[in-house]
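Before any comments, here is the structure.
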Ligand SMILES: Nc1ncnc2c1ncn2[C@@H]1O[C@H](COP(=O)(O)OP(=O)(O)OP(=O)(O)O)[C@@H](O)[C@H]1O
Ligand SMILES: [Mg+2]
């Protein structure tokens, strides 16, 4: 059973058919890339999955349960997290504080500092936050203010925040956009290291796509026009056609 099953999803912005009868199955534990020309509907599809947009038609099952009735703030709790293009971090807080907040929220449903709670009960959660930070290579910067981090480190922090939610499905919309080459390489390594988390990645950089994805779906004008392994997609005539006038695949 796929962890995510998108069935016949259509979404219109007024007269514009942004998504048309989209069917997409994502297998648990895989990295699945969603590619396609500008305006194809990739971000729109991710926004449907986070509850930010409501489709006009179709259904989405996550882990065998309908997703579209779930409120956006509950979707995170279900185990779906999205990495935003601009890091969603608290600039004035330390790296550790930024990661501790979602760890507590994952346990309590929301973040409440409980002054009466013994340190014994809080300690394992803080340790879990510290582990996430160490895993992403930010151990030395644990107590540094978030806004003093480099862009690459901010991205790592954002990933650590995402992992603190213990997501089962991670949605990434152009995670390497605007990055220098070495930052892109670091991000690829980072994502390769996140084993066991299902990932859906929207990306224009084909080097990133071919380094990470086990399966690729191609969206053009709101429709899935091709699907397959990286090898199958590379030479696919429909894909080359969709990208004509853009970067060659
Ligand atoms: N909120 C909105 N209101 C109206 N039209 C929108 C809205 N969001 C997106 N669109 C339109 O829907 C279409 C799909 O947009 P979307 O952002 O999903 O494309 P995309 O594949 O993510 O493109 P890109 O690669 O440039 O990020 C585009 O024609 C876009 O202009
Ligand atoms: Mg987009």
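Using the structure shown, decide if residue 125 is on the phi < 0 side of the Ramachandran plot, outside any helix (DSSP H, G or I) and touching a helix residue (DSSP H, G or I) at 6+ places or on another chain (Cβ under 6 Å).
Answer is no for this residue.
Being modelled with pLDDT of 85 or more, surrounded by 15 or more Cβ atoms within 10 Å (Cβ to Cβ), closer than 27 Å to residue 3 by Cβ and more than 16 Å from ligand 1 (Cβ to nearest atom) is true for just one of 97, 130, 158. Which residue is that?
None of the other options fit; the residue is 158.
Would you check which residues across the range 19-69 are away from ligand 1 (no atom under 15 Å from the Cβ), touching a residue at least 60 places away in the same chain (Cβ under 8 Å), under 19 Å from residue 226 (Cβ atoms) and under 17 Å from the mean Cα position of the chain (by Cα) and list them?
26, 27, 30, 31, 32 - these are the residues of the range 19-69 that are away from ligand 1 (no atom under 15 Å from the Cβ), touching a residue at least 60 places away in the same chain (Cβ under 8 Å), under 19 Å from residue 226 (Cβ atoms) and under 17 Å from the mean Cα position of the chain (by Cα).
If you go through the range 50-73, how many residues are within 16 Å of ligand 2 (Cβ to nearest atom) and touching a strand residue (DSSP E or B) at 6+ places or on another chain (Cβ under 6 Å)?
1
Which one of the conditions (1) in a strand (DSSP E or B); (2) within 16 Å of ligand 1 (Cβ to nearest atom); (3) touching a residue at least 60 places away in the same chain (Cβ under 8 Å); (4) touching a helix residue (DSSP H, G or I) at 6+ places or on another chain (Cβ under 8 Å) does residue 226 fail to meet, given that it meets all the rest?
It fails just one condition, (3).
Those residues that are buried (at least 22 other Cβ atoms within 10 Å of the Cβ) and near ligand 2 (Cβ under 9 Å from one of its atoms), I need them from the range 26-43; list them, please.
Of everything in the range 26-43, those that are buried (at least 22 other Cβ atoms within 10 Å of the Cβ) and near ligand 2 (Cβ under 9 Å from one of its atoms) turn out to be 40, 41, 42.
Right, residue 55: more than 24 Å from residue 176 (Cβ to Cβ), modelled with pLDDT of 95 or more, in the same structural domain as residue 241 (by TED's automatic domain parsing) and in contact with a helix residue (DSSP H, G or I) (Cβ under 6 Å, 6 or more places away or on another chain) or not?
So residue 55 fits the description; yes.
May I ask you to list the residues in the range 149-189 that are in contact with a strand residue (DSSP E or B) (Cβ under 8 Å, 6 or more places away or on another chain) and within 16 Å of ligand 2 (Cβ to nearest atom)?
171, 172, 173, 174, 175
The values are calculated or read from the model by the stated rules, or taken from the named source; none is laboratory data. It should be emphasised that the depicted structure is a prediction, and the values quoted were computed from it without experimental measurement. Backbone-built Cβ (ideal geometry, glycine too); neighbour counts: all protein chains shown.
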